[in-house]
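Take a look at the structure below.
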Amino acid sequence: MTDTTATASGQDELVDELRTWLEENWDPDLTVGEWWQRLGLAGWAAPGLPTNAYGKALGRNDAVRVQTEIAAFGAVGAPAGLGLLLAAPTIATHGTQEQIDLYVRDIVTGARAWCQLFSEPGAGSDLAGLTTRAVRDGDEWIVNGQKVWTSLGQSADMGMLIARTNVDVPKHQGITWFAADMHQDGVDVRPLVEMTGHAMFNEVFLSDAHVADDAIIGGLNNGWAVANTTLMHERSGLGAGGGSAGGGMVVPGTIADQLGRRVGDFAVAPGSAPRRRSGAGAGAGFGGTAKMLTDLAKGNGTVADPTIRQDLMRLHTESEVARMGNLRLKAAKAAGKDIPGFGNISKLAMSNMMRLQRDLSLRIVGASGMLHAYKDEDRAALDAATGNPFLAMVTSMALWAQAPPIYGGTDQIQRNIIGERVLGLPKEPNNDKVMPFSELPKNA
Ligand SMILES: Cc1cc2nc3c(=O)[nH]c(=O)nc-3n(C[C@H](O)[C@H](O)[C@H](O)COP(=O)(O)OP(=O)(O)OC[C@H]3O[C@@H](n4cnc5c(N)ncnc54)[C@H](O)[C@@H]3O)c2cc1C
């Protein structure tokens, strides 16, 4: 997949095609579900996917350009979430055409929302050590175990489930990736309230949950390779300079119950500030954040502090380095090459910028940084009290800053991967690649 470029005459064929399509198809009086049907089936919801998977096989930069153009037009963007970001590209890569038509179609049209059932209380960094078991029962699998930190599990129709299907082989070889239905008695989703005050993630208990044999993606016991595709998309989608999976604040799937609402009610007028999903503070690009913090510092006079000016410049510089890194990767890909470890380095860079942004923004706002709207309904009162809606965003971003160094593989794990797979440093001695999972020592 390659990115297009504007023609010499300045014409941009991709943008022209999209604009023409939007003019003919965007209608604020459609329901959300009807609009996403049009957007998704035309290939504009996930244009980075291959053409047999409801995409347009566009390169990453073009796919981001499509999102930007849809927003600039004032239309509601693609059904954002883990379905579009992770499940769709994973199934497009490893699924059969039948599975693509069954699952990816519902993702790009927003009909079903997905969550990622990977981490367990005893298996996060050591994900391949997972103990959730799936045992065959005729043409089904019966699943038992516990998952944790399941983002948006409370509004998910489907789960990307990895479970152990063979304990008699080394741990990486006995895992299978399933598309699991969350609407069943054997799946119990319990929200976990985090320090932002919101409950974005959950623990999920699987007790005799059922998954059909034909819901296996990528083959029995091949789940580690499939999960790595999911994780690769997680890192590249969340790294510094990475585009989000979609726009707007409309939640896909049947549980959020927004598919029947008028789509125009969710549209953001071109040029106005984007709406934010509550609880998430890291969505804005860092370039935009540096600008926002500079305005805040100018507004309250802290810009006179040379250390604040220095850190503003550092944030701006690091965001430019991330942007140029993406351009470098694009050029490498166009030349048929790659930059080994780029996704890992990019995610580490994002974690560093999140920390810098947290510390800098709290210094700029001073004592006001202690004020936070822990509930959505507190937000209006907070804005009224401070007179500055950006202050609430500062505390949201500061509390959220702890998350990126952990999710999608912690900073330490990214460094391990760079050390071992990119720099060729020796791995820690370990026999888990050869010893059957059932014989590996376990914590008591
Ligand atoms: C906001 C957020 C959203 C998330 N969403 C999801 C989700 O939707 N689905 C899902 O499945 N999971 C999700 N996670 C879980 C996430 O993937 C795990 O938290 C992460 O993989 C770390 O695992 P752990 O929490 O078990 O920590 P552990 O693996 O127990 O690590 C604890 C500490 O030990 C360090 N450590 C561990 N092993 C090594 C090593 N070999 N070398 C050096 N240091 C090491 C780690 O870096 C860390 O500092 C989410 C997490 C967060 C924060």
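Tabulated data
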item	result
Subset of the stretch 137-156 (residues that are in contact with a strand residue (DSSP E or B) (Cβ under 7 Å, 6 or more places away or on another chain) and within 16 Å of the ligand (Cβ to nearest atom))	Val143, Gly145, Gln146, Lys147, Val148, Trp149, Thr150, Ser151, Leu152, Gly153, Gln154, Ala156
Any chance Thr150 is hydroxyl-bearing (Ser, Thr, Tyr) and touching a residue at least 24 places away in the same chain (Cβ under 8 Å)	yes
Answer residue from the stretch 112-136, given it is touching a residue at least 60 places away in the same chain (Cβ under 8 Å) and away from the ligand (no atom under 13 Å from the Cβ) and is farthest from the chain's Cα centre (by Cα) among those	Arg136
All positions within the stretch 61-96 that are under 13 Å from the mean Cα position of the chain (by Cα), small (Gly, Ala, Ser) and either more than 16 Å from the ligand (Cβ to nearest atom) or under 25 Å from Ala334 (Cβ atoms) (or both)	Ala88
Residue check for Leu206: touching a Leu at 6+ places or on another chain (Cβ under 9 Å), buried (at least 17 other Cβ atoms within 10 Å of the Cβ) and at pLDDT 75 or above	yes
Candidates Thr196, Thr176 - the one that is under 29 Å from Ala403 (Cα atoms) and either outside any loop (DSSP other than H, G, I, E, B) or free of Cβ contacts under 8 Å to residues at least 60 places away in the same chain (or both)	Thr176
Leu18, sole failed condition from (1) in contact with an Asp or Glu (Cβ under 8 Å, 6 or more places away or on another chain); (2) modelled with pLDDT under 95; (3) not hydroxyl-bearing (Ser, Thr, Tyr); (4) not in a loop (DSSP other than H, G, I, E, B)	(2)
Residue in the stretch 270-277 that is surrounded by fewer than 16 Cβ atoms within 10 Å (Cβ to Cβ), at pLDDT below 95, of a type in the set (A, V, I, L, M) and out of contact with any Ser or Thr (no Cβ under 8 Å at 6 or more places or on another chain) present	yes
Leu102 being within 13 Å of the ligand (Cβ to nearest atom) and either aliphatic (A, V, I, L, M) or at pLDDT 95 or above (or both)	no
Selected residue [touching a Pro at 6+ places or on another chain (Cβ under 7 Å) and over 15 Å from Val211 (Cα atoms)] from Ala113, Ala128	Ala113
Those residues of the stretch 71-84 which are surrounded by 24 or more Cβ atoms within 10 Å (Cβ to Cβ) and assigned to a helix (DSSP H, G or I), in sequence order	Leu82, Gly83, Leu84
Test for Lys433: is it within 30 Å of Ala123 (Cα to Cα) and either away from the ligand (no atom under 14 Å from the Cβ) or part of a helix (DSSP H, G or I) (or both)	yes
Residues located in the stretch 211-221, provided they are buried (at least 17 other Cβ atoms within 10 Å of the Cβ) and either more than 19 Å from Thr132 (Cβ to Cβ) or within 23 Å of the chain's Cα centre (by Cα) (or both)	Ala215, Ile216, Ile217, Gly218
Test: residue in the stretch 329-343 that is of a type outside the set (Phe, Trp, Tyr), part of a loop (DSSP other than H, G, I, E, B), over 23 Å from the mean Cα position of the chain (by Cα) and at positive phi	yes
Hits in the stretch 367-419 - residues which are of a type in the set (S, T, N, Q), more than 16 Å from the ligand (Cβ to nearest atom) and under 23 Å from the mean Cα position of the chain (by Cα)	Thr395
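The values are calculated or read from the model by the stated rules, or taken from the named source; none is laboratory data. What you see is a predicted model, and the numbers here were worked out from it, not measured in a lab. Glycine also receives a Cβ, built like all others from the backbone with ideal geometry; neighbour counts cover every protein chain displayed.
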